[in-house]
Amino acid sequence: MFSNLNDLLRYCEKECVEFINFKVVDRAGRWHQLSIPAARFNEETLSEGIGFDGSSYGFLTVEKSDMVFRPDLSTAFLDPFSEQKTLVMIANIYRIEGSERIRFEDDPRFVAQKTERVLAEKGIADQVFLGPEFEFYVLDKIAFRNEINHMEVYIDSAQAEWNSGLKDGCSGLTVPAGGGYHLDIPFDTSCGLRNEAVRLLETLGVPVKYHHSENGGPGQVEIEVNFATLLCMADGTQKLKYVVRNEAIRQGKTVTFMPKPFAREAGSSMHVHLYMMKGGEPVFYDEKGYSGLSQTALHAIGGILQHTAALMAFTNPSTNSYKRLVPGYEAPVNICFGTANRSAVIRIPAYATRPEQKRFELRSPDGTANPYFAFSAIVLAAMDGIINETDPNAHGFGPIDKDLYTMSYDEKAGIKALPANLAEAAQALEEDHEFLTKDGVFTENLIKNQIQSVLKDHYEVNSLPHPEEFRKYYHI
C-alpha cells in the first residue's frame, strides 16, 4: 500500500488513523499482534524495529529470546474489524547481533522470499504463481473438553441433517451428509457471510475467483482466490483466515479449517494449483505433451511426487490431517498424478486448456499448514524435479487416469501410499530434506524444530484414550 514512510504518515493524518497494528507470524502459521498509537510511528520504528520475545513464537529458547520485527509498508491495509480506525501491517522478523538487526533465517516470510529469489537465480522461471482452494466449515456451536475424567466434543450446524427432528426452530431445509455441493439458498445458510467476507477480501487486495458451499452437509464451504506469487499468496492466506474468522464471529458463527472435524463427512483441504512464467510466457504448456503439459511441468510434478512424503510435515502438520486422507472422500491416499483424477495426489485440470491456464493441482495439503513454509516447500520440490529432470513416469507415479479407490490391490502394486500419520511424515522429512536446505532456503534448525513439533503432537494425541475405544473394549 505504501512505498515510503512519508506516504504512510500523510495517509494516517488524512484518514485520521488512530492506531498502527503489526501482525507477526509464528512457526505454526498463526498471527500475533502488537499495536501502537499512530502518532508514535516514525523512522525509528522502521530502522530499530519493535522488540519481542522470540521464545513465545517458538523461534528461540528463553535464555536468548530477544528479537525485533520491522513492518513491511507495502502490506498495509485498514482493519475492517477494529472499532477504532486501525492500519495493519505485516512484519518481518530480525535477530539481534551486537548492534545490528539481521534478518532471521527461519522467519516464515523470509523463507518465502528466499524461495522466490532462488527460483529466479536458477533461471527456471521469473515467477511462480499459486492458487489455493480454501475449504472450511461454518458452524453455529462448538464446545470441547479433554480432562482426565471427561472427554467431549460438541459441534452443531443449523443446516445439518441431525437438526431435522427438532420440534422448535427447524425449517425442514436441512442438508444430508455429503450433500452440500453447490447448494442454493436457503439450504446454504452461510452464503451471506461469505459474500461479506469476499467483499472485505477484495478491499484488502485478495481477489476472489468464486465461493460456494461444499460437499460437507454441516456447513462446509470453499473460497477460491485468484493466482498470486508465493509471498503474496502466503500473506493473502493469512488475510483470508483473519477475515473469515472475524466475520463469522461478527455474525454469531464460528469457523474451522480443521481437515476432519466430522467423522463420516467430507474433510477440508487446501488444494494448491501451481504454474510458472518466464519472459511473459507460460513454462508449463506444450500442446503435444501429456494433457498439454511441457516436459518442465512433468519434471516439476515428478519432483513434488518424489518428495511428497517429506512435504507433508509442512503441508499437513496436524494429527487431524491424516484423518482426512482416507479413501472415499475425494482425498488422495496414493502418490501419483492424472488428468481430472481427484483420487490422485496431483490432478491436472482438464478444463484448463489455454497456454496461460496450464497448471497442475496438489491435492494433499490442508489449512493447518503454515502457508509460507508449505508453499515454499512445494515450489522447492518442483524446482528440484525440474533441475534433476525427474520423470514421473519412470518413477512409477503414473499417469493414472482411473479411480484409485476402486482399483484392486494388484492394479495398485508399485504405487506408493502417502504417510498414514504425522510420525511417518516426520520420518520422511528426516530422511529427505536436502531439496529444502541445499540453497539455504530452509535451515537445518527449522527442519529440526518442525520434526520435533509434529512428533510431539503425534505422541501426545496418540497417547490419549478415545471414546470409541471405550465402546469397543470396555466390556472385554
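The numbers here are math on the coordinates, done by the rules we state, and not lab data. Worth saying up front: this structure is predicted, and the values here are computed from it rather than measured. No Cβ is skipped: glycine too gets one built from the backbone with ideal geometry, and neighbour counts run over all protein chains shown.
Taken one residue at a time, the phi angles of the range 202-209 give Karplus couplings (6.51, -1.76, 1.60, θ = phi - 60°) of 4, 6, 9, x, 10, x, 10, 6 Hz. Gly and Pro are set to x.
Couplings 3J(HN,Hα) of the range 114-131, computed from phi: 5, 4, 4, 5, 5, 4, 5, 5, 6, x, 6, 7, 6, 8, 10, 10, 10, x Hz, in residue order, whole Hz [Karplus 6.51 cos²θ - 1.76 cosθ + 1.60, θ = phi - 60°; x for Gly and Pro].
Taking a ≥ b ≥ c as the square roots of the eigenvalues of the Cα gyration tensor of the range 288-338, is the shape rounded (a/c under 1.5), prolate (a/b larger than b/c) or oblate? Cα axes put the range 288-338 in the oblate bin. The simple Förster model, with R0 at 22 Å and r as the Cβ-Cβ distance, assigns Asp26 and Asp432 a FRET efficiency of 0.30. Database remark: amide H of Leu293 closer than 5 angstrom to the amide H of Asp286 (H placed geometrically; neighbours at sequence offset of 5 or more, or on other chains; Pro and chain starts carry no H). Averaging Cα coordinates gives a centre for the range 364-411 and one for the range 1-64; these two points are 38 Å apart.
The packing ranking of peptides 358-367, 404-413, highest mean first, is 358-367, 404-413, where packing means the average number of other beta carbon atoms within 10 angstrom of each residue.
Electrostatic bookkeeping for Tyr351 treats Lys and Arg as +1 and Asp and Glu as -1; over the other residues with beta carbon under 12 Å from its beta carbon, the sum is +3. Each Lys and Arg Cβ is given +1 and each Asp and Glu Cβ -1; about its Cα centre, the range 237-304 then shows a dipole of about 500 debye.
Length, then width, then depth: along the principal axes, the Cα atoms of the range 330-476 run 61, 42, 26 Å.
Under the convention that each Lys and Arg Cβ holds +1 and each Asp and Glu Cβ holds -1, the size of the dipole of the range 65-175 around its Cα centre is about 260 debye. Once C-alpha pairs closer than 8 Å and six or more residues apart are averaged by separation and normalised to the residue number of the chain, the relative contact order reads 14 percent. Across the range 303-368, the fraction of Cα-Cα pairs farther apart than 16 Å, rounded to a whole number, is 48%. The 3J(HN,Hα) values that the Karplus relation (6.51, -1.76, 1.60; θ = phi - 60°) gives for the range 326-333 are, in residue order, 10, x, x, 10, 6, 10, x, 10 Hz. Gly and Pro appear as x.
Note down the Stokes-Einstein diffusion coefficient of the range 359-425 in µm²/s, whole number, using a Kirkwood radius over alpha carbon pairs, 4 °C, and 1.567 mPa s. After rounding, the answer is 90 µm²/s. Rounded if a/c is under 1.5, else prolate if a/b beats b/c, else oblate: with a ≥ b ≥ c from the C-alpha gyration tensor eigenvalues square-rooted, which is the range 204-293? In terms of gyration-tensor shape, oblate. Taking only the Cα atoms of the range 96-171, the radius of gyration and Dmax are 24.5, 69 Å. Taking Cα centre as origin and charging only the Cβ of basic (Lys, Arg, +1) and acidic (Asp, Glu, -1) residues, the dipole magnitude of the chain rounds to 480 debye. In the range 262-312, the C-alpha radius of gyration followed by the widest Cα-Cα span (Dmax) gives 15.0, 48 angstrom. Computed over the alpha carbons of the range 260-393, Rg followed by Dmax gives 14.6, 48 Å. Which one, Val68, Thr368, Phe52, is farthest towards the positive end of the dipole of the chain when Lys and Arg carry +1 and Asp and Glu -1 on their Cβ? The Cα lying farthest towards the positive end belongs to Thr368. Name the shape class, rounded, prolate or oblate, that the alpha-carbon gyration tensor gives for the chain, where a ≥ b ≥ c are the square roots of its eigenvalues, rounded holds for a/c under 1.5, and otherwise prolate holds if a/b is larger than b/c and oblate otherwise. Rounded, since a/c falls under 1.5.
Amide hydrogen proximity for Ala160: with H placed 1.01 Å from N in the peptide plane, the residues at 5 or more positions away or on another chain lying under 5 Å are Val175. Computed per residue of the chain from DSSP H runs no shorter than four, each worth -39500 (n - 2.57), the mean residue ellipticity at 222 nm is -9000 deg cm²/dmol. Amide H contacts for Arg101 (H built 1.01 Å from N in the peptide plane; partners 5 or more residues away or on another chain; cut-off under 5 Å): none found. For the peptides 270-280, 43-53, 418-428, 152-162, the ranking by packing is 418-428, 270-280, 152-162, 43-53, with the highest mean count of neighbouring Cβ atoms within 10 Å listed first.
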